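Let me begin by presenting the structure, written as structure tokens, before commenting on it.
The values are calculated or read from the model by the stated rules, or taken from the named source; none is laboratory data. Keep in mind it's a predicted model, so treat the numbers as computed, not measured. Heads up, the Cβs are rebuilt from the backbone with ideal geometry, glycines too, and the neighbour counts pull from every protein chain shown.
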Amino acid sequence: MTKIMLIDDDESLQVLIGQIAERDGYEYCCAANGAEGLSMLRAERPDFLILDVMLPDTNGYDICETIRGEGRKIPIMFLSAKGDIVDKSIGFKMGADDYLVKPFQPEELSLRVRAHLRRKGSSGEEERTPAPKKHRSYQVGDLELMFGRYEVRLKGKPVSLSSREFELLELLASDPGSVFTRDQIMEHVWGDKDATDPNSVTVFVRKIREKIEEDPSKPRYLITVWRVGYKIADRALFESGTES
């Protein structure tokens, strides 16, 4: 029988999705955090995974990247209250197949699950292609970011960043050359654009520049777009010398 799995710490949501799965004739299992979820995924071998973005011990993006790094082809749907296009973009880039924003209609979730399973041609067994675990990265000039590993290197040497400093850089590097507003940065790093003073973004940018820029007053990597926001240098423009 086809098996649906959920990783989400919301008990009411665990019950609701369990009811939907039972109604639609699926087996069902759930986990409340990332570590438990990965262990359960490997043991239960479900056919479809529903994954929350915000988890107690990690975030869904890292879980998705780990699953894809192991070569697993299981369809993954993010289920999150964070419906900004930036969050969706990161989810899809980490390997998700779908993204459903809370609150949602149970019938919509059913239809999406059914469509993905139909495309997958579910046989009750998860397809898996053995592959070495890989971590995505972005490099521009002498700066390299390793997504999901909270690791940054400058000229091959580690740069000491706080988790939030890294998350800010990771967001910008998710779409090099594109400008992200302060609100987008605050929603991604702090979870809510109203959760912190907008000046915190300025402070974090200054601290990051002091660690990665040769001359923080003339940044080449972390660039300000006045009255709009910030971007990370695009590799092609950087190499051509036209990035500003």
>> Suppose the filter is under 25 Å from N59 (Cβ atoms), assigned to a loop (DSSP other than H, G, I, E, B), at pLDDT 85 or above and not assigned by TED's automatic domain parsing to the domain that holds T66; does L161 pass it?
In response: yes
> Tell me, which residue of the stretch 210-244 that is over 18 Å from V159 (Cβ atoms) and hydrophobic (A, V, I, L, M, F, W, C) is surrounded by the fewest Cβ atoms within 10 Å (Cβ to Cβ)?
Replying inline: W226
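Before we move on, is V113 in contact with a helix residue (DSSP H, G or I) (Cβ under 9 Å, 6 or more places away or on another chain), over 17 Å from G148 (Cβ atoms) and surrounded by 15 or more Cβ atoms within 10 Å (Cβ to Cβ)? Break it down stepwise before answering.
Working: in contact with a helix residue (DSSP H, G or I) (Cβ under 9 Å, 6 or more places away or on another chain): yes; over 17 Å from G148 (Cβ atoms): yes; surrounded by 15 or more Cβ atoms within 10 Å (Cβ to Cβ): yes.
Criteria met by V113.
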> Looking at the stretch 171-185, is at least one residue of a type outside the set (A, V, I, L, M), assigned to a helix (DSSP H, G or I) and farther than 23 Å from E65 by Cα?
Replying inline: yes
